[in-house]
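Structure first, commentary second.
The values are calculated or read from the model by the stated rules, or taken from the named source; none is laboratory data. If you're wondering where the values come from, they're calculated on a predicted model, not measured in any experiment. FYI the Cβ positions are ideal-geometry reconstructions off the backbone, even for glycines, and counts take in every protein chain you see. Heads up: the accessible areas ignore ligands, DNA and RNA and are worked out on the full protein's heavy atoms, side chains in. Shrake-Rupley method; radii C 1.70, N 1.55, O 1.52, S 1.80 Å.
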Amino acid sequence: MLTAIIDYESGNLHSAEKAFQRMAREVDGGEVVVTSDADVVARADRLVLPGDGAFPACAEELRGHRGIYEAMVEAVEQNGRPFLGICVGMQLMATTGHEYRDTPGLGWVAGDVVKITPRDSALKVPHMGWNNLVIDHDHDHDHAIFDGITSGDHCYFVHSYHFRVNDPAERLAHVDYGGDVTAVIGRDTMVGMQFHPEKSQDIGLRMIGNFLTWTP
């Protein structure tokens with residue numbers, strides 16, 4: 001099993017690489033590589049798309065790495081490879097991002113990436129720090145990514161925009177920050193996390209391990 005963390009020059013991948021490699025050893029999840037090679041992306045069994053910064057810049061960088069972009073889209077859309085988007089990598093799964101200007105996303109999960117607007121003016125944006133997950137669906141339908149995770153477990157966030165998902169079934173978890181802020185999305189073989197699992201200590205590591213053993 002090969003998991004490819006896609007390097008399209010949009011974020012420091014060192015801590016993510018270390019966390020995924022550590023959990024791959026723990027759960028017998030195969031090999032994890034950081035790559036900007038389209039051939040590696042094409043043959044990987046699982047794909048991880050990280051992202052830091054602004055939606056338009058990340059979208060431009062991703063589409064600008066032409067071989068990688070096409071290989072990733074084919075792997076997910078045609079071949080059903082398990083896919084994990086992290087932070088802006090999750091936001092890029094949307095129909096449209098509205099940061100600075102309207103920018104098309106991958107269109108894999110219908111919805112828009114919009115600025116966080118807490119009801120309480122004392123709550124600052126960006127939403128930064130630890131917050132408690134609320135898992136949105138009943139336990140009979142819990143996603144495999146939540147194995148060993150319960151509502152109230154906390155994860156580490158740094159973001160000013162969040163994913164407003166059109167279909168409530170595709171929002172798997174949220175946090176409260178003066179209103180609902182999407183934390184986890186998913187459908188079919190795709191899942192996305194707004195928080196940084198590699199910075200979320202045991203809970204984040206557990207979810208990385210769950211992704212590495214997920215067989216949708």
Worksheet item: What pairs come up if the first residue lies in region 193-216 and is within 21 Å of R171 (Cα to Cα), the second is of a type in the set (S, T, Y) and open to solvent by less than 10 Å² (accessible area, probe 1.4 Å), and their beta carbons are under 7 Å apart, counting only those six or more places apart or on different chains?
Response: Q194/T182; L212/T3
Fill in: Single match in G30, G53, G85, G67 (criterion: of a type outside the set (A, V, I, L, M, F, W, C) and buried (at least 19 other Cβ atoms within 10 Å of the Cβ))
G85
Worksheet item: Restricting attention to region 206-213, does a residue exist that is farther than 24 Å from A4 by Cβ, open to solvent by 10 Å² or more (accessible area, probe 1.4 Å) and polar (S, T, N, Q)?
Response: no
Worksheet item: Any chance region 29-40 includes a residue that's more than 17 Å from the chain's Cα centre (by Cα), assigned to a loop (DSSP other than H, G, I, E, B), closer than 21 Å to I145 by Cα and touching a residue at least 12 places away in the same chain (Cβ under 8 Å)?
Response: yes
Worksheet entry | Check on D112, in a loop (DSSP other than H, G, I, E, B), over 23 Å from V32 (Cα atoms), open to solvent by 30 Å² or more (accessible area, probe 1.4 Å) and of a type in the set (D, E) | no
Item to complete: Return the total of residues in region 160-179 being open to solvent by 60 Å² or more (accessible area, probe 1.4 Å), in contact (Cβ under 8 Å) with a residue 40 or more places away in the chain and either in a helix (DSSP H, G or I) or under 20 Å from W130 (Cβ atoms) (or both).
Response: 1
